[in-house]
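To start, the structure itself, in structure tokens.
The values are calculated or read from the model by the stated rules, or taken from the named source; none is laboratory data. Nothing here was measured: the structure is a model prediction, and the numbers come from that model. Note that we place each Cβ from the backbone using ideal geometry, even for glycine, and neighbour counts take in every protein chain shown. These area figures cover heavy atoms from the full protein model, side chains too; ligands, DNA and RNA do not enter into them. Shrake-Rupley method; radii C 1.70, N 1.55, O 1.52, S 1.80 Å.
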Amino acid sequence: MRHLLDTMRLARCATSLGGPETLVCHPMTTTHVSLTPEEQQVAGVTPGLVRMSVGLEDPDDLVADIQRALA
């Protein structure tokens, strides 16, 4: 998961998901890290979950950035 977040060029990794730019975070290691594994499971927080707040960038650029990061 860290590789995906580190290789995205347009989206910035941030726990505060608000602003004009696209932001991403890994809830299991950031916003929900204080929950027990059972509480995370109930909340739907899994190791592969990435939270994204889409900003004002060109949609095609964002899609390309995500596809490149996943490759």
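The table that follows gives values for the structure above.
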| quantity | calculated |
| --- | --- |
| Segment 2-27 residues that are farther than 20 Å from P59 by Cβ, paired with ones that are among the hydroxyl-bearing types (S, T, Y) (beta carbon under 6 Å, 6 or more apart) | T15/T30; T15/T31; C25/T15 |
| Residue selected from segment 22-48 under the condition in a loop (DSSP other than H, G, I, E, B) and hydrophobic (A, V, I, L, M, F, W, C), by the criterion least open to solvent (accessible area, probe 1.4 Å) | V45 |
| Extreme residue, modelled with the lowest pLDDT, among residues of segment 49-71 that are of a type in the set (A, V, I, L, M, F, W, C), in a helix (DSSP H, G or I) and open to solvent by 60 Å² or more (accessible area, probe 1.4 Å) | L70 |
| Residue among R2, R12 that alone is at pLDDT below 90, surrounded by 11 or more Cβ atoms within 10 Å (Cβ to Cβ) and of a type in the set (D, E, K, R) | R12 |
| Close pairs from segment 30-58: first touching a residue at least 24 places away in the same chain (Cβ under 8 Å), partner open to solvent by less than 60 Å² (accessible area, probe 1.4 Å) and in a helix (DSSP H, G or I), Cβ under 6 Å, at least 6 apart | P47/M28; R51/P27 |
